[in-house]
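The values are calculated or read from the model by the stated rules, or taken from the named source; none is laboratory data. Values in this document were obtained by computation on a predicted structure and should not be read as measured data. Reconstructed Cβ throughout: ideal geometry from the backbone, glycine too, with neighbour counts over all protein chains shown. Quick note on the areas: whole protein, heavy atoms, side chains included, nothing else; ligands and nucleic acids left out. Shrake-Rupley method; radii C 1.70, N 1.55, O 1.52, S 1.80 Å.
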Amino acid sequence: MVISFCCGKGGTGKTTSTYNIGAALAKAGKQVLLVDNDQQGSLTLAMGYEPQMLSMTLANLMFQAIDMPDQLTDAIGQAILQKTENLHLVPANNKLAGILSRLVSMQNTRAMFPLDDSSIAPERVLTAIIEQVKDQYDYILIDCSPHLDLQMLNALVASERVIIPTQAHFLDTVGLNDTIEIIRKVQQSLNPNLKQVDILLTMFMQRTVLNQISRQNVVERYGEQMHIFSQPIDYSIKVAEHPAVGISLLEYAPKNAAALSYRAAAEEVMRNG
């Protein structure tokens with residue numbers, strides 16, 4: 001299953017959730033590939049790699065899929081990094097900015113000239129890469145930047161499921177609408193296989209009235225339309241600490257409340273896939 005982690009607002013825990021749900025799935029015996037789809041390379045950095053030192057990243061693969069698709073398989077093999085036996089990564093760095101410019105150029109060209117049979121659509125470049133490795137993994141998780149752009153659109157078109165991490169704060173929950181709107185448009189026109197949308201509340205403080213009210217509002221507003229994870233991710237300073245040592249929260253502080261929350265979220269992913 002291919003799952004994108006998307007939200008049109010920064011700081012909601014997309015990268016942390018991608019990494020730790022992926023790590024929990026891997027610990028459950030699943031073969032997991034994480035894809036860093038953000039030019040900041042935050043997921044790559046959190047997993048202990050230096051983004052700017054890597055010669056093969058997602059940007060290379062996307063350029064390959066556009067210009068030399070016949071060599072894509074070999075390139076993918078060179079780009080994938082093995083973090084643990086079951087957990088692999090397609091890394092990213094700032095070269096993705098060049099890919100976004102290329103995708104925009106392709107989109108503008110398509111507006112003037114129809115695609116021929118040999119051309120790839122600008123919103124399906126990531127799909128071409130995912131299709132090459134999909135059969136090798138139980139789960140492919142894509143970490144997206146907060147920008148509602150062609151890079152995120154590529155992730156949604158390649159996915160069967162999307163998880164929207166959001167803080168239980170007023171401004172964050174209000175911002176859900178923009179993300180949900182673009183997901184609905186993708187479902188209707190570009191990817192009918194994107195059948196499941198989930199909301200994951202993050203950085204949750206059980207004792208605060210604000211968080212409890214925000215959670216109730218999310219459930220009342222979206223609960224009938226989409227799946228909301230039954231257990232929010234607890235707030236913990238350990239969540240901010242673990243990327244600095246390049247390991248998952250499950251390894252860094254396995255008994256921490258947030259780590260337990262991510263294990264529960266992974267179990268829910270497997271139950272509700």
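Of all residues in segment 221-237 being over 25 Å from GLU160 (Cα atoms) and without any contact (Cβ under 8 Å) to a residue 24 or more places away in the chain, which is least open to solvent (accessible area, probe 1.4 Å)? Even if it seems obvious, please write down each step before you answer.
Let us first name the residues in segment 221-237 that are over 25 Å from GLU160 (Cα atoms), namely 234-237.
Next cut, without any contact (Cβ under 8 Å) to a residue 24 or more places away in the chain only: 236-237.
Details: SER236: 19, ILE237: 98 Å².
Here the residue is SER236.
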When segment 244-273 is checked residue by residue, the ones that are basic (Lys, Arg) and part of a loop (DSSP other than H, G, I, E, B) are LYS255
Being out of contact with any Cys (no Cβ under 6 Å at 6 or more places or on another chain), over 25 Å from GLN31 (Cα atoms), acidic (Asp, Glu) and not in a helix (DSSP H, G or I) narrows GLU224, GLU241, GLU220 down to just GLU224
Those residues of segment 27-53 that are among the aliphatic types (A, V, I, L, M), touching a strand residue (DSSP E or B) at 6+ places or on another chain (Cβ under 8 Å) and either open to solvent by 10 Å² or more (accessible area, probe 1.4 Å) or within 17 Å of ALA240 (Cβ to Cβ) (or both) come to a total of 2
Residues of segment 101-141 being open to solvent by less than 70 Å² (accessible area, probe 1.4 Å), modelled with pLDDT under 90 and part of a helix (DSSP H, G or I), in sequence order, are THR109
Exactly one of ASP178, ASP172 is modelled with pLDDT under 90, open to solvent by 70 Å² or more (accessible area, probe 1.4 Å), in a helix (DSSP H, G or I) and among the acidic types (Asp, Glu), and that residue is ASP178
Given the conditions (1) over 20 Å from the mean Cα position of the chain (by Cα); (2) in contact (Cβ under 8 Å) with a residue 40 or more places away in the chain, every one holds for PRO165 apart from (1)
Checked ALA257, ALA253, ALA240 against criteria (open to solvent by 30 Å² or more (accessible area, probe 1.4 Å) and either farther than 19 Å from LYS14 by Cβ or touching a Gly at 6+ places or on another chain (Cβ under 9 Å) (or both)); the one match is ALA257
